[in-house]
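Beneath this line is the structure, given in structure tokens, with notes to follow.
The values are calculated or read from the model by the stated rules, or taken from the named source; none is laboratory data. If you're wondering where the values come from, they're calculated on a predicted model, not measured in any experiment. Cβ atoms come from the backbone with ideal geometry, glycine included; neighbour counts cover every protein chain shown.
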Amino acid sequence: MSYSPPGLLSAAEVESRSFIQKVYAWMSLGLVVTGACALYMASDPRMIMALVQNKFLLYGLMIAELGLVVFLSGWVKTMEVGTARFAFLFYAALTGVTLSVIFLIYTRGSIASTFFLTAGMFGAMSAYGYMTKTDLTSMGNFAMMGLFGIILASVVNWFVQSSAVETAVSYLGILIFVGLTAYDTQKIKAMNIIGNAGSDEDSKEAISGALTLYLDFINLFLMLLRATGRRRD
């Protein structure tokens, strides 16, 4: 049995921290790519209007975005490392393009303040998920059931167009993605295979974890924006 003097981390703990740092680094890079693409689109409102007015293009991009994230979630660990990295960043760029439509709905100041609020909430819950010794599986299962519930409610509200339902979905969504952030961080920490640092498998695990946390961040941001964002006049 290995022994680490008080105040020193064991080799396994050092590797675990290094792994989660890679996850955060790739997630952050994905957010930078998304933000850059969204801001580029927003720099010329004509580009966003062209996207919104061309329903075939808009829905085509949304379907491609959905298909790519499903593909990445299921098969990222079977890809070559370079392919996995490219696919993740391409998905982040595609998300930035489709996400740019928020600049037509909300003020830039509101979008910026919501982003920083999201970053604070995400950071706090992810840190909790990483450090807590409590098993968050039950919370994760409850959050997943809630996620399916708000997806169903959103589909129904697509036809009903109820502002009350939209508000309820937004606030429930905030709670759900706050919980998922903590749960997913704990799950990502646990899935790291100690001893494979620097390997292709380790790199693909980091991309997989980054994708999960990236999705939590983006969805939390959108829920907060819907609930608290200031709309354009």
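Within the range 56-80, how many residues turn out to be surrounded by fewer than 16 Cβ atoms within 10 Å (Cβ to Cβ) and either under 17 Å from V23 (Cα atoms) or touching a strand residue (DSSP E or B) at 6+ places or on another chain (Cβ under 8 Å) (or both)?
Qualifying residue count, the range 56-80: 2.
Could you please let me know if R46 is basic (K, R) and more than 21 Å from A206 (Cα to Cα)?
It is true that R46 is basic (K, R) and more than 21 Å from A206 (Cα to Cα).
Applying the selection to the range 91-143, what residues are in contact with a strand residue (DSSP E or B) (Cβ under 9 Å, 6 or more places away or on another chain), part of a helix (DSSP H, G or I) and either buried (at least 16 other Cβ atoms within 10 Å of the Cβ) or modelled with pLDDT of 95 or more (or both)?
Selection gives S110, T114.
Would you confirm, using the coordinates I've provided, whether F19 is out of contact with any helix residue (DSSP H, G or I) (no Cβ under 9 Å at 6 or more places or on another chain) and part of a helix (DSSP H, G or I)?
No.
For the range 120-145, what are the residues that are in contact (Cβ under 8 Å) with a residue 60 or more places away in the chain and closer than 16 Å to N219 by Cα?
M121, F122, M125, S126 - these are the residues of the range 120-145 that are in contact (Cβ under 8 Å) with a residue 60 or more places away in the chain and closer than 16 Å to N219 by Cα.
Considering only the range 70-89, state which residues are touching a helix residue (DSSP H, G or I) at 6+ places or on another chain (Cβ under 8 Å), in a helix (DSSP H, G or I), under 17 Å from A206 (Cβ atoms) and of a type in the set (A, V, I, L, M, F, W, C).
L72, V76, V81, A84, A87, F88, L89
When only residues in the range 66-79 that are touching a residue at least 12 places away in the same chain (Cβ under 8 Å) and in contact with a Lys or Arg (Cβ under 9 Å, 6 or more places away or on another chain) count, which is farthest from D216 (Cα to Cα)?
The residue in question is M79.
Can you run down the residue pairs with Cβ atoms below 8 Å, 6 or more apart or on separate chains, where the first is in the range 207-233 and farther than 23 Å from I188 by Cα and the partner is of a type in the set (D, E)?
Note: pairs meeting the criteria are R226/E166.
Pairs, please: C-beta under 9 Å, at least 6 apart or cross-chain, first residue over 17 Å from S138 (Cα atoms) and free of Cβ contacts under 8 Å to residues at least 40 places away in the same chain and in the range 171-194, second small (G, A, S) and assigned to a helix (DSSP H, G or I)?
These pairs meet every condition: L172/G146; L172/G149; L172/A153; M191/S208; M191/G209.
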